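**Student:** Take this structure, written in structure tokens, and hold onto it; I'll ask about it next.
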Amino acid sequence: MSAKRPPERAEVLKRMADALKQGAVMLNLQCPVCSSPLFRLRSGDIWCVKCQKRVVIVKEGQDVMTAASDLLLNALEETLLRKLNDLNARMREEKDLDRLVELCSLMARILDNLERVRRIARMR
């Protein structure tokens, strides 16, 4: 089994240029793994284009687990909102009343979980 080879320099430069074209901002920070410049994406995420991974900046005095849990809460909220959007589209098309009742029940559970995630995030 061979290890994944690092991307060629030209490939990394192309990714950097693409990120900038898409509205990312190059930061004066380096990736802790590969020392490549980091980018702040339009979503607010900090990204290493060479490693192709999100990077979490932990401020001095900030707990690493707190920073990681904030990211997780944001990701959960985003996922739940996407699922609500998908469910909404399904409900619009559904003709079977029994299936519509199931979808409504699922939507209620997703909304409950969304509220829980938001409540936890507000408490931080």
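**Student:** Somewhere in segment 20-29, is a residue within 30 Å of Met123 (Cβ to Cβ) and in contact with a Phe, Trp or Tyr (Cβ under 9 Å, 6 or more places away or on another chain)? Break it down into steps so the answer makes sense when it comes.
**Tutor:** Going through segment 20-29, the residues within 30 Å of Met123 (Cβ to Cβ) turn out to be 27, 29.
Filter once more, keeping what is in contact with a Phe, Trp or Tyr (Cβ under 9 Å, 6 or more places away or on another chain): 27.
Yes: segment 20-29 contains one or more residues that are within 30 Å of Met123 (Cβ to Cβ) and in contact with a Phe, Trp or Tyr (Cβ under 9 Å, 6 or more places away or on another chain).
**Student:** Looking at segment 50-79, I want the residues that are within 22 Å of Ser36 (Cα to Cα) and have a partner that is of a type in the set (Ser, Thr, Tyr) and not in a strand (DSSP E or B) with Cβ atoms under 9 Å, at least 6 apart or on another chain. Which pairs are those?
**Tutor:** Qualifying pairs under 9 Å: Lys50/Ser35; Lys50/Ser36; Cys51/Ser36; Val58/Thr66.
**Student:** Ok, one more. Does at least one position in segment 33-48 carry a residue that is over 25 Å from Glu11 (Cβ atoms), part of a loop (DSSP other than H, G, I, E, B), without any contact (Cβ under 8 Å) to a residue 60 or more places away in the chain and small (Gly, Ala, Ser)?
**Tutor:** yes
**Student:** Checking the structure you have, find out if any residue of segment 1-16 is at pLDDT 90 or above, open to solvent by less than 50 Å² (accessible area, probe 1.4 Å) and not acidic (Asp, Glu).
**Tutor:** Within segment 1-16, one or more residues are at pLDDT 90 or above, open to solvent by less than 50 Å² (accessible area, probe 1.4 Å) and not acidic (Asp, Glu).
**Student:** Restricting to segment 46-65, give me the number of residues that are open to solvent by less than 50 Å² (accessible area, probe 1.4 Å) and touching a Lys or Arg at 6+ places or on another chain (Cβ under 9 Å).
**Tutor:** Here the count works out to 3.
**Student:** Can you name every residue in segment 82-124 that is among the aliphatic types (A, V, I, L, M) and touching a residue at least 12 places away in the same chain (Cβ under 8 Å)?
**Tutor:** Initial filter on segment 82-124 (among the aliphatic types (A, V, I, L, M)): 84, 87, 89, 91, 97, 100-101, 103, 106-108, 110-111, 114, 117, 120-121, 123.
Selection gives Leu84, Leu87, Met91, Leu103, Leu106, Met107, Ile110, Leu111, Leu114, Val117, Ile120, Ala121.
**Student:** Sticking with this structure for a sec: What's the number of the condition Leu81 fails, among (1) more than 14 Å from the chain's Cα centre (by Cα); (2) at pLDDT 95 or above; (3) not hydroxyl-bearing (Ser, Thr, Tyr)?
**Tutor:** (1)
**Student:** For segment 19-35, name all the residues that are within 15 Å of Ile57 (Cβ to Cβ), in contact with a Cys (Cβ under 8 Å, 6 or more places away or on another chain) and open to solvent by less than 100 Å² (accessible area, probe 1.4 Å).
**Tutor:** If the condition is that a residue be within 15 Å of Ile57 (Cβ to Cβ), in contact with a Cys (Cβ under 8 Å, 6 or more places away or on another chain) and open to solvent by less than 100 Å² (accessible area, probe 1.4 Å), then Cys31 is the only one that fits.
**Student:** For segment 20-33, state whether one or more residues are more than 19 Å from the chain's Cα centre (by Cα) and among the polar types (S, T, N, Q).
**Tutor:** The answer is yes, given that some residue of segment 20-33 is more than 19 Å from the chain's Cα centre (by Cα) and among the polar types (S, T, N, Q).
**Student:** Does segment 45-67 hold any residues that are within 12 Å of the chain's Cα centre (by Cα) and under 30 Å from Arg109 (Cβ atoms), and which are they?
**Tutor:** Residues satisfying the conditions are Asp45, Arg54, Val56.
**Student:** Another question, if that's okay. With the requirement that a residue be open to solvent by 90 Å² or more (accessible area, probe 1.4 Å) and part of a helix (DSSP H, G or I), what does segment 66-98 give you?
**Tutor:** Our first condition is that a residue be open to solvent by 90 Å² or more (accessible area, probe 1.4 Å); within segment 66-98, this holds for 72, 74, 78, 82-83, 85, 90, 92-93, 95, 97-98.
Across segment 66-98, the qualifying residues are Leu72, Asn74, Glu78, Arg82, Lys83, Asn85, Arg90, Arg92, Glu93, Leu97, Asp98.
The values are calculated or read from the model by the stated rules, or taken from the named source; none is laboratory data. All values reported here derive from a predicted model rather than from experimental measurement. For neighbour counting, all protein chains shown are included, and Cβ atoms are generated from backbone atoms with ideal geometry for every residue, glycine included. Just the protein is used for accessible areas: all its heavy atoms, side chains included, with ligands, DNA and RNA removed. Shrake-Rupley method; radii C 1.70, N 1.55, O 1.52, S 1.80 Å.
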